[in-house]
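First comes the structure, then the notes that go with it.
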Amino acid sequence: MKKPIILIILIIVSYSFKPNLDCLAAESETTPANEVYVVNHGWHTGFVVAAPDIQQIIPELKQRFGNIPYLEFGWGDSEFYQAEETTTGITLKAIFFPSDSVVHAVAVPTRADKYFQQSEVEKFCLGDAEFSSLLEFISGSFFRDEPGKVQQLKHGIYGDSQFYQGVGDFHIFNTCNKWTARGLERAGLDISTTFKLTAGSIMNYLSENDYSGRIELNQSCKK
């Protein structure tokens, strides 16, 4: 019984890990159309997409981050993700009790594989309809008030980043990696979300399935 609990705790605790960033890589780059990255931060995964595309859907991201080529998005437990110091109580609460969620948005000033040099990165291409579905999924993960504005919270945990109030409850069967799997499913990928609780399960799917649209990191998406 102890091993499953330890695994769950490691999954939760990993959300607070700060990846090593290439903070000097701030050159502006042209973003090929419909290019998507998934980044593995150890136990936690997130999407990196072209900032101008998602900023058209969520104007507040344009106001917050300005002219940036890419944005990374992750989703997780509100209290744990934003905690300056994680305690046993916060960890156990995140594991065993459904809780509010947040979206973590990060400015990525260069290609994801260059910026997150110490992280595993997979890159794939989507058609227009599938890419739009993924952007809508990410946008739908932001809570909006009655006028339709997203709700900005604390500064994020690494780089130029920001927390926003999220949609949906976090619990042990609805983790950040489950969120990533649902995003891939919405984008038209043939992925089963049932057992996608770890970052490794997400990255293995992308690396082992040709139909995922995966390409090499040095290649560009072409319409």
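No value in this document is a laboratory result; all are computed from the given coordinates. Please read these numbers as outputs of a predicted model, since none were measured by experiment. Backbone-built Cβ (ideal geometry, glycine too); neighbour counts: all protein chains shown.
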Going through Lys62/Lys178; Lys62/Lys154; Lys62/Lys149 one by one, the pairs whose alpha carbons sit over 24 Å apart turn out to be Lys62/Lys178
FRET efficiency for Asn209 and Gln63 from the Cβ-Cβ distance with R0 = 35 Å, rounded to 0.05, comes out at 0.40
